[in-house]
Amino acid sequence: MTRPRLRATGLATAALVAAGLLATPTAASAVPAKPTPAPGKPKAAPGKPKPGKPCTPRYSPGAPSIGDPYFPDQGNGGYDVKHYDLDFSYDPATQVMDATATITAHATQNLDRFDLDFRGPEITSLTVDGKKSAFSRDGQELVVTPHGKLKAGKKFTVVVKYAGVPGPVTDPDGSIEGWIPTDDGAFVVGEPQGTPAWLPSNDTPTDKATFRFTAKVPEGLTAVGNGQLLSQRTRNGWTTFVWDSTEPMATYLATITIGTFEVTESVTPSGIPSYVAIDPRLVAGSANAVSQIPKMMEFFTGKFGPYPFASTGAIVDYAPQVGYALETQTKPIFSNTASVGTMAHEIAHQWYGNSVSPERWKDIWLNEGFATYGQWMYTEFNGGATVEATFNNSSNYGRAATSSFWQVLLADPGPMEMFSSIPYNRGAMTLHALRGKVGEEAFARILRRWAAIHRYSHAATADFVSLAERESGQDLTAFFDVWLFQKGKPTSW
Ligand code: ARG
Ligand code: ZN
């Protein structure tokens, strides 16, 4: 699902024109209205299709990447995924996954070949629109040559069957993600590039889709996915969970985490259903953080606007080798005891990061800076340090100008630093400085408009800069220059 603007159609139209499939303005308006001059050969621009003559549509391969320099193989061109359906079983004893993924997409160009991103186990069969199709694998590229050609604008369905042991992916900063086996199941996360470890996908935040996971696990274990639980049935020692994500989701926010969990279902004061799954070892330590989810939901709704999803909750699992939490859509996931601060951060991400996702990974401060600022705001609301005090403390503006902290570019921190304190802390400081610059009212409007305009979509730093200028009526070139586009500790803005 690309953003509901001109993008997809615009590209498709350009491709059609380039392929000679659409009449160009010259060809279309070539019929004179007035008396025809002496008969002769109908004029047609050189290289353009002659009127009345059917042209042969041209087909070409979709791009193998969307061109994000941080992860050059990520994402693919030529199509737009609408829905992923993954039906699988997983046995923690053998770590074997047996899966069928059904991907529904629309072609955005005439395709004779396209790529998916996939690092998972061995593929046993692959069909496109029900016909067996040739495929090959090269790194994370799954190259599919459909039996029949795919026409621009048409829907097509890919079914991939695979079985084997999925595993983790290591990131440039050394952290792990993807499919991470635990002592009682698997911890499943995908930011920024882990989801293809277990799901063939168009792994880019610029192609959101709806998802359904049907997960069969040994009785006694729980499989927790994004969205709402449609059903849970036990038969012959296996329990099948069906999870439905009804709003568009970026692939990196998908999870279907498996383990022994204590589950609590409730409803927030505004009527949003909540599903919280906690590893029994972490229940006591995480109780405070989890109990504040409803309060966080209300607080952020007041500041950011309507909560974008149909459900909320959390997954608190024991996977200490991971060492970070993630804002998996509708249910943030923790790899150890959840703290109140981190819970607030991950809930704030549901608006900023999940509903509004970064267009390119260099825009990561739009995720981490906003979620960290939400955390600061919640801390103040909850009776802790004021936002102003946090801005000034020694992890933030209080750092010496000579600190290496100031030597990373916020607008383009690089793949090694994308989850370092730069996007989080300098990002949140940027928002607080902006608040001081434009005033309370304009700042409140900017936060809400950002969530509203780009809901279920993606946006880039330049979009934020123009929104801030529009809402404040100020020229903020110099302001954003020192905070975003220059290294060094800002001294005046
Ligand atoms: N976005 C996550 C958070 O702020 C952090 C993800 C870190 N991912 C990683 N591969 N290191 O909660
Ligand atoms: Zn975050």
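We did not get these values from a lab; they are worked out from the coordinates using the rules stated. These figures come from a predicted structure and were not determined experimentally. Here the Cβ is made from the backbone with ideal geometry for all residues, glycine too, and neighbour counts use every protein chain on show.
Values for this structure:
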{"read-out": "Segment 332-360, residues that are crowded, with 24+ Cβ neighbours inside 10 Å and farther than 20 Å from Asn226 by Cβ", "value": "none"}
{"read-out": "Residue check, Glu388 among the acidic types (Asp, Glu), in a helix (DSSP H, G or I), within 16 Å of ligand 2 (Cβ to nearest atom) and touching a helix residue (DSSP H, G or I) at 6+ places or on another chain (Cβ under 8 Å)", "value": "no"}
{"read-out": "Failed item in (1) within 11 Å of ligand 2 (Cβ to nearest atom); (2) closer than 18 Å to Ile446 by Cβ, with Ile364 passing the rest", "value": "(2)"}
{"read-out": "Pair list, Cβ < 7 Å and 6+ apart or interchain, from segment 321-349 residues that are within 16 Å of Thr268 (Cβ to Cβ) and in contact (Cβ under 8 Å) with a residue 24 or more places away in the chain to residues that are assigned to a helix (DSSP H, G or I) and within 13 Å of ligand 2 (Cβ to nearest atom)", "value": "Ala344/Gly374; Ala344/Gln375; Ala348/Phe370; Ala348/Ala371; Ala348/Gly374; Ala348/Gln375"}
{"read-out": "Evaluation of Arg449 against (1) touching a helix residue (DSSP H, G or I) at 6+ places or on another chain (Cβ under 8 Å); (2) buried (at least 21 other Cβ atoms within 10 Å of the Cβ); (3) of a type outside the set (A, V, I, L, M); (4) under 21 Å from Gln350 (Cβ atoms) (one fails), failing number", "value": "(2)"}
{"read-out": "Which listed residue is away from ligand 1 (no atom under 12 Å from the Cβ), free of Cβ contacts under 8 Å to residues at least 60 places away in the same chain and outside any helix (DSSP H, G or I), from Thr379, Thr402", "value": "Thr402"}
{"read-out": "Failed item, numbered, when Asn354 is tested on (1) outside any loop (DSSP other than H, G, I, E, B); (2) within 16 Å of ligand 1 (Cβ to nearest atom)", "value": "(1)"}
{"read-out": "Wholly enclosed strands (runs of 3 or more DSSP E) of segment 172-290 bearing at least 2 residues surrounded by 19 or more Cβ atoms within 10 Å (Cβ to Cβ) and in contact with a strand residue (DSSP E or B) (Cβ under 9 Å, 6 or more places away or on another chain)", "value": "176-182, 185-189, 209-218, 222-225, 238-249, 256-259, 273-278"}
{"read-out": "Identity of the residue in segment 321-331, under 19 Å from the mean Cα position of the chain (by Cα) and either within 11 Å of ligand 1 (Cβ to nearest atom) or small (Gly, Ala, Ser) (or both), that ends up surrounded by the most Cβ atoms within 10 Å (Cβ to Cβ)", "value": "Thr328"}
